Each structure stands twice: as structure tokens, then as C-alpha cells.
Amino acid sequence: MSEYSEFVRQYLTVAIFAAVGIGLGAGLLGLGRIFRPVRPQEQKYLVYESGVDPVGTGWSQSQIRYYIYALLFVMFDVEAVFLFPWATRLEAYSTFGLIEMLIFVVILALGLLYAWRKKVLRWV
Amino acid sequence: MFGLLVAQNIAFYVIAALIVFGALRVVTCKNLVHAALWLVLVLAGVAGQYILLAAEFVAVTQVLVYLGAIVVLFLFGIMLTRAKTGHDLELDNPTPAKVGAGVIGVLLLGVMGYALWDAWRGQELGDIVVQRTAEVSDSLFSTYLLPFEVISVLLLAALIGAIVLARRD
């Protein structure tokens, strides 16, 4: 149980860091809210971009060609998950681990090659 | 020892309350994008529970794959396919659909709760064993070496399949 206690304590540090980070941001914004004068005007709530008034809404439809990048990202994200256990035992499985991981990565790189050859990656 | 268990229980219930609140917001939120963002809270809470159970690798996988990739895919799907653009994002279902969903939810809770109760009835669950990522690595590079390599082929097939489906030519 002491091992578990140590484990949880390490993540408690992470939780405290996150809480301090969020608290700092929220506290500073809250302080600003308390001290600043409130004089609402319509122009103040416009989206600001280089001084040009925005056209249309922010909820517009995106281009469909982003979707293939999202799909590629999901695949390589799953690949990245498998890199983590390998990284923790890098020395223990030195050459053997490297070869096994190379096989894994190269097979997936074939997919990237396929995408490249199919001109999916090119922004037309 | 006792203090640790109490702290673990308190953390569990706090995170569980956050998950339930987030899940309720996911289904009651009128804005689809906001619902997807509430889903982030639910999935992050589940990752927190995995940490409490000392399953580090599962928690990291949850954060990377579900929070990182799946929610991004959801948001992309919403951004790309929503026909109705503009601020009128009032989403709602007719009352029969809500009642049906509620009944199915309660039934599912009953079935899963019974299955858990039935499987571990009267058993004493031991102390939590810390599952190090290195142990996952050890089994990955010994017992499950071949399945691990097969996963890359599976991912490759999924990748090529996605490209083929996404492109007409």
C-alpha cells in the first residue's frame, strides 16, 4: 500500500499544479472584474481581428478537406500511445526493442507514404 | 493507511460527481459544440479515476486517444457536417425520445450494476496494485509481441481505408 501511497502522492503534485494554474488564471480575471469599470458598448463586444470588422459568424462550416488530417491525426495518436511503454524500458530492450518498434513505425509509415502518393497531403 | 483510504474515497466521489455533472450537461446542452466540450470533462474525469486506481498507462491512453483524438474528431465532424450555420443551435428531441432514452439508460444501469454485483458477490477485493507502464512494456515485448506488430497492420488498414473512403477517386 505504501507504493500506492507514493504513486498517488506524485499525482497529487500534478493535481496541485493544475489547481494553482487554474486558480491563478481565474483569480487574476476575477480581480480584473472586481476593479475595472463596467461601461458596456456594442463595439466592445465585436470580435477583434486586425481592426477589421468581422463578416458572418464564427459558427460557419469548415472546409471538408480538414477531415482527412483529423483522421490521420487519430491514427498517429494511437501509434504514439504505443511508443510510451517502449520509452519506459528503452535500455532493457535495447536493440531488440528498437527493431520491434522500427517494424511497427515503418508499417505505419507506409500509410503516410500512401497518403503522400495519393496526394492527400497536398493543399490544393 | 486509513487516512489514505478516506482520501481516496473522497477523491473518487468528487471526480464521480464531476463526471455525472458533465455527462448530464452533454445530453442537456443545446449547443452541439458545447456538448462535445462537456464530454472532455467526462473523459478527463474517467482518466482521473484510472489514476486513482493506479493504472497509469490506461489513464495516459485515455487522455491521449479519447481527449486528444476522439473529441477532436467529434469537433471536426460537427464543424464539417453541420448544415445549419449561425447562432440558432437549439437542439432538442421530442418527449417520447427523451423518455425512451431515459428508460434505456436506467435499464443499462441495472444490467451493468447487476453484472458487477453478480461477478464479485461476497469477494474481498485486495489492495490496489500499482501498475507501472514498464510492466505493460514487459508484456508488450514478450507475450504480446506478435499482436503488437499486428496492431500496426490494423492501424495501416484503418488509415488506408479512411483515405479511400474520404477520397472519391
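The values are calculated or read from the model by the stated rules, or taken from the named source; none is laboratory data. This one's a predicted model, so the numbers in the text were calculated from it and none came from an experiment. When we count neighbours, we look across all protein chains shown, and the Cβ atoms used for this are built from the backbone with ideal geometry, even at glycine.
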For the range B:44-55, indicate whether the set of residues that are more than 14 Å from chain A (Cβ to nearest Cβ) and surrounded by 15 or more Cβ atoms within 10 Å (Cβ to Cβ) is non-empty. yes
Please go through (1) closer than 30 Å to residue A:86 by Cβ; (2) acidic (Asp, Glu); (3) more than 14 Å from chain A (Cβ to nearest Cβ) for residue B:138 and return the number of the only condition it doesn't satisfy. (3)
Tally up the residues in the range A:27-79 that are part of a helix (DSSP H, G or I), within 13 Å of chain B (Cβ to nearest Cβ) and aliphatic (A, V, I, L, M), please. 7
Scan of the range B:128-150 for residues that are exposed (fewer than 12 other Cβ atoms within 10 Å of the Cβ) and either basic (Lys, Arg) or under 16 Å from residue A:94 (Cα atoms) (or both), ordered by number: B:142
Criterion: surrounded by 14 or more Cβ atoms within 10 Å (Cβ to Cβ) and either of a type in the set (A, V, I, L, M) or out of contact with any strand residue (DSSP E or B) (no Cβ under 8 Å at 6 or more places or on another chain) (or both) - qualifying residue of B:24, B:5, B:64: B:64
Residue check, residue B:129 against (1) touching a residue at least 60 places away in the same chain (Cβ under 8 Å); (2) assigned to a loop (DSSP other than H, G, I, E, B); (3) under 30 Å from residue A:103 (Cα atoms), all met but one. Which one? (3)
Listed by first then second residue, the pairs whose first member lies in the range B:143-169 and is at pLDDT below 85, whose partner is in a helix (DSSP H, G or I) and surrounded by 14 or more Cβ atoms within 10 Å (Cβ to Cβ), with beta carbons under 8 Å and at least 6 positions apart or on separate chains, are B:166/A:67; B:166/A:68; B:166/A:71; B:167/A:68
May I ask you to verify whether residue A:73 is at pLDDT 85 or above, assigned by TED's automatic domain parsing to the domain that holds residue A:122 and not hydroxyl-bearing (Ser, Thr, Tyr)? yes
Report whether or not residue A:48 is within 21 Å of residue B:73 (Cβ to Cβ) and without any contact (Cβ under 8 Å) to a residue 24 or more places away in the chain. no
Scan of the range A:80-110 for residues that are over 17 Å from residue B:60 (Cβ atoms) and more than 7 Å from chain B (Cβ to nearest Cβ), ordered by number: A:91, A:92, A:94, A:95, A:96, A:98, A:99, A:101, A:102, A:105, A:106, A:109
